[in-house]
Amino acid sequence: MIALATIQAASPPTNVFEWFTKESFRARSGAIPHQVWLTVWHSAAALVLAVLVAVPLAVVLAHYRRGELVAGWVVNTGRAIPTVAILGIAVIVSLREGFGFEPWPIILSLVLLALPPLFANTFTAVRGADASAVDAARAVGLSEWAVMVRIELPLALPVLFVGLRTAAVQVVATEPIAALFGAEGLGAYIRQGLGNNDLYQIQAGALMVTAVAIVADLSLWLTGRTLIPAPIRRQAGRSSRRNRRSKGLAEAIA
Amino acid sequence: MGQQRDEQSSDGAVAIQLRAVTKTFPGASTAAVSPLDLDVPRGEIVVLIGPSGCGKTTTLRMINRLIEPTGGTITVEGVDVRQQSPTELRRGIGYVIQQIGLFPHRTIAQNIATVPKLLGWDKAKVSARVDELVDLVGLDRDMLGRYPGELSGGQQQRVGVGRALAADPPVLLMDEPFGAVDPIVRGRLQGELLALQQRVRKTIVLVTHDIDEAIRVGDRVALLNVGGVLEQFGPPDALLARPANAFVEQFLGSERSLKRLALSQVRSLPHERGPVVDASATVDEARKVADEVGGGWVGVVDAERFLGWVHGERLEDSRPLADQLLETPAVQLAPDATLREALEAILTSRSAVAVIADEGRFGGVVSLEQIRRGLIA
Amino acid sequence: MSEQSPSRATRWAACGAGVLAVVIFVIWARQAVRGLSPDTAATNPIIRWEWVFKRSSTPHELRDLTIEHLKLTALPVAAGLVLSSALAAIALRFRWTFAPLTAVAGFLYTVPSLALFAVLTVYLSPFQAAVVALTSYTLLILVRNIVAGIDGVPESVLSAADGMGMSRQRRLVTVELPLALPVVMAGIRVATVTTIGLVAITGAIQLGGFGFLIFDGYNTQFFTKIAVGAILSVLLAVALDLLIRSVERVLTPWARRRVAR
């Protein structure tokens, strides 16, 4: 199942940090920047697509108070769909249809992974949007569409970003699985390490993935801070403090 | 003009005593409660009232040590509260709060049984006590198996009071107990509290921000200013009649005299028979009474029953008084009606005098002049 | 996620429809494979039902995989619950530890599961490694929900409990824990369902439950196995989700009756 690189190195590293310093070990799985780039690009594409699907759907469903039950169930059991299964099926279909190995099967399976937290958080946030603000917007004559885009969505942004960060971390941490199906990316180090019983290479791969995940999380946090006006951020903090139980539920489904 | 419940009040003994009690919260620059002395007589309702920040709730919560005083001593029934463990102390003091704080996951019966169970009562005793309390606070027994979420706000607060009384504590602390219900229910619950107090005779300390509530339920009112300064302490009527200073006067608001009227009962006025004649009297005698004391009107009483009013000019010489064209008054006041109700009756009565009827028997009249004199007294 | 519970009728209708759908599907599938021999190839290129219904060793293979998948789900969630309770207790007792604790749990979340399985197999047996790794992924959700659940107990209820002279421990056990239950159970549900999805990845270390089917199917280019693995995984999640929901309903009768008001 796992492609193996074979040459035994002359002086194997004695810890994970040494692994990074020895050019020869790095060379086996391709240059590090290239693999980082692949992981980042797969993850980013999947996140963008997932946002494009989940956010409008969640805003509309939450605005019209529709399909709450069904959506809740789909979101929760959606977490149980093994990404490996989607990947396997997608790779086989993609190969059969001639779309090739990368990147669509990988991105598709990561999109499915990112949907639940994004959808759940956006839905909860819109549902919890300040009812008086929505009322006032209608009262001054905003259309339903304008209420969604100009009132509910902005008010939902803080919680939406929490979901986005959760999704980003999950996507980045899961992307290496693609390597099990022969794809390149940071998972390639882990795959090779598994194949060679090379603990340090596995650790190195894990470290790099974790680093990318943390960087993604932090940069999204920063983006949120710059993008969302402070009053809305504080408002969200206040209301969640006031109603801690609903915050708990929001976290439960995040 | 006497205090409404004077004759039933305390035996004079002090149940709760605060001496130089202070509280400064950590990090606060000013004291929440500055040295405060207060005596709560046994069996009375003492109301703590004042603007926000006056430390009324803090003071209340220091009595059962939900807040520890910074200085001073508090004794309950002669025992310093700090000599007991907080949990022991609290089990002996009933506690009712505005948000009620019923346990949503326990049935009404389980809620009421909380303290008896903490005290280790046996099952039979607990369930007997629960039944007793449900009756006492006026709930149906078939509510016992329900959960608080299924009850209305007023019913929940009744359960809250029942729960506080469960172990029959001598002292009850109530923190804005009726603050969360609508005005109609609030009025009813206040009445129920007074009726309940007639039966159980607890020492009650009640916090409120509603001056009308304070006047209605309090045997004594302690008016606190910001920082826990006691501005005046006394029976509500004393506050209304003789405000100690401008702050008290301002806090009590306008219409102080009208508020006082609600505090006194008709029976507290000196008895006055008024411009009334017996049915056996002659028409001339009646006409004389109408002219001299009745301002034109005379009342006819037959066998202790008040028959009605008749104007002197309408009296027909040929008929006995009982057969004259009598105007019956719209209301006859019971002796325990308030002076406010009496005033209302006077204003709507053609004769400008209200009639007192004690279970149908004529008990005299109330005139505007009598009320005015009562207020000045 | 729903704040308002669906009516009883909706609930039963949904359950009934689900059961009916499964029954109809099984009847249809058995019809569809009638007459096919076990080695029929290419009659149905997407899913070859004869592998599921005609192959004699399939049922007990699937049974073994189900048991393995269940074990790999139940053990980590149970262990995670014990561990999270302890961590949440610390976080509640010493508030300042909450942020670092969740930060560490969040960090564990960023570690790629594949790598964690791989690294741990160096020190532990594959099964132990899988349980330890999967446990670590449940911590974030569970700790957050236990703390949020206990935090969510209304101030007034706590105040009343204190005012009546309940000790701290008694208040925790008889008031706070029961009231936190709905949020805690929601956390357990999410943790369970997420773990079911993650178990498949342990296929990379020769375990996997239904994940074994997925990897095996991929390596042999046998699409049916992947599909069966994925579908069974989701079915297991739905079943456990339902089970936990019913346990929650039984344990929180007060929440159910509130709707009736």
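Just so you know, all these numbers are worked out from the coordinates, no wet-lab data involved. Note that the coordinates shown come from a computational prediction; the quantities given were computed from them, not determined experimentally. Virtual Cβ from ideal backbone geometry, glycine too; neighbours counted across all protein chains shown.
Note on the range C:104-206: Cα convex hull, mean projected area over all directions, 7.7 nm². What the Cβ-Cβ distance of B:GLN250 and B:ALA334 gives, at R0 = 35 Å and to the nearest 0.05, is a FRET efficiency of 0.50.
Taking the mean number of other Cβ atoms within 10 Å as a proxy for protection, how do you rank C:76-88, B:56-68, A:143-155 from highest to lowest?
Numbers: C:76-88: 19.8, B:56-68: 21.5, A:143-155: 16.4.
Ranking the peptides C:76-88, B:56-68, A:143-155 by packing returns B:56-68, C:76-88, A:143-155.
Rounded to the nearest 0.05, what FRET efficiency do A:ARG96 and C:ASN219 give with R0 = 22 Å and r taken as the Cβ-Cβ distance? Could you check? It comes out at approximately 0.85. When all alpha carbon pairs of the protein assembly as shown are counted in 10 Å bins from zero, the resulting P(r) reads 2, 10, 15, 16, 15, 12, 10, 8, 5, 4, 2, 1, 0, 0, 0 %.
Quick check on packing: order C:96-102, A:205-211, B:227-233 by the mean number of other C-beta atoms within 10 Å, highest mean leading. It would help to have the intermediate numbers written out before the result.
On the way: C:96-102: 14.0, A:205-211: 23.3, B:227-233: 19.0.
So the order, starting with the most tightly packed, is A:205-211, B:227-233, C:96-102.
With a threshold of 23 Å on the Cα-Cα distance, the over-threshold entries among B:LYS56/B:LYS202; B:LYS23/B:LYS202; B:LYS56/B:LYS117; C:LYS71/C:LYS225; B:LYS23/B:LYS259; B:LYS23/B:LYS117 are B:LYS23/B:LYS202; B:LYS56/B:LYS117; B:LYS23/B:LYS259; B:LYS23/B:LYS117. Shielding of peptide A:182-192 by partners, expressed as the average count of other chain Cβ atoms within 10 Å per residue Cβ, is 2. You can think of it this way: the chain between B:SER52 and B:ARG361 has 106.4 nm of extra reach, that is 0.36 nm per residue less the Cα-Cα gap.
What does the average come to when, for each residue of peptide C:231-239, you count the partner chain Cβ atoms lying within 10 Å of its Cβ?
Numbers: counts 2, 2, 6, 7, 2, 2, 7, 4, 1.
If you average over the peptide's residues, the count of other-chain Cβ atoms is 4.
Note on A:VAL53 and B:LEU368: the model spin-label points, each 7 Å out from Cα along the C-beta direction, lie 8.3 nm apart. For C:ILE244, neighbours were defined as the other residues whose beta-carbon sits under 14 Å from its Cβ, and their charges (Lys and Arg +1, Asp and Glu -1) total +2. Against the compact-protein benchmark of 2.2 N^0.38 Å, the Cα-based radius of gyration of the range B:285-377 scales to 1.09. Evaluate the distance, in nm, between pseudo-label points positioned 7 Å from the Cα of A:THR226 and of B:LYS125 along their respective Cα→Cβ axes. About 7.1 nm, to one decimal.
Grab the DSSP H runs of chain B that are 4 residues or longer, score each as -39,500 (n - 2.57), total them, divide by all residues and round the 222 nm result to the nearest 500 deg cm²/dmol. Show your work: numbers first, answer last.
Values: 14 runs with 124 residues, N = 377.
-9000 deg cm²/dmol, from helical runs alone.
The aspartates and glutamates within cross-link reach of B:LYS125, meaning a Cα-to-Cα straight distance under 16 Å and a gap of 8 or more places when in the same chain, are B:ASP135, B:ASP168.
Ranked highest first by the average count of other Cβ atoms within 10 Å around their residues, in what order do C:12-24, A:63-75 fall? It would help to have the intermediate numbers written out before the result.
Details: C:12-24: 10.8, A:63-75: 15.2.
Highest to lowest by the protection proxy: A:63-75, C:12-24.
Per-residue shielding of B:89-102, expressed as the average number of other chain Cβ atoms within 10 Å of the residue Cβ, stands at 4. Were the residues from C:THR58 through C:LEU242 laid out at 0.36 nm apart, the gain over their Cα-Cα distance would be 63.6 nm.
With a cap of 13 neighbouring Cβ atoms within 10 Å, and only residues DSSP puts in a loop, list the trypsin sites (Lys or Arg not before Pro) found in the range B:291-377.
Working: sites: B:ARG305, B:ARG314, B:ARG340, B:ARG350, B:ARG361, B:ARG372, B:ARG373; in loops: B:ARG350.
For trypsin sites (Lys or Arg not before Pro) across the range B:291-377 that sit outside H, G, I, E and B with at most 13 neighbouring Cβ atoms in 10 Å, the list reads B:ARG350.
Please give the per residue volume of the convex hull enclosing the alpha carbon atoms of chain C, rounded to a whole number of Å³. Spelled out: Cα convex hull of chain C, divided by residues, is 150 Å³. Take the Cα of A:ALA139, step 7 Å toward its Cβ, do the same at B:ASP302, and the gap between the two points is 6.3 nm.
Short version: what are the Cα gyration tensor semi-axes of the range C:145-261, square root of 5 times each eigenvalue, largest first, in whole Å? Show your work: numbers first, answer last.
Numbers: eigenvalues 372, 47, 14 Å².
Its equivalent ellipsoid spans semi-axes of 43, 15, 8 Å.
Ordering B:PRO51, B:PRO104, B:LEU189 by the projection of their Cα atoms onto the charge dipole of chain B, which places +1 on the Cβ of Lys and Arg and -1 on the Cβ of Asp and Glu, puts B:PRO104 at the extreme positive end.
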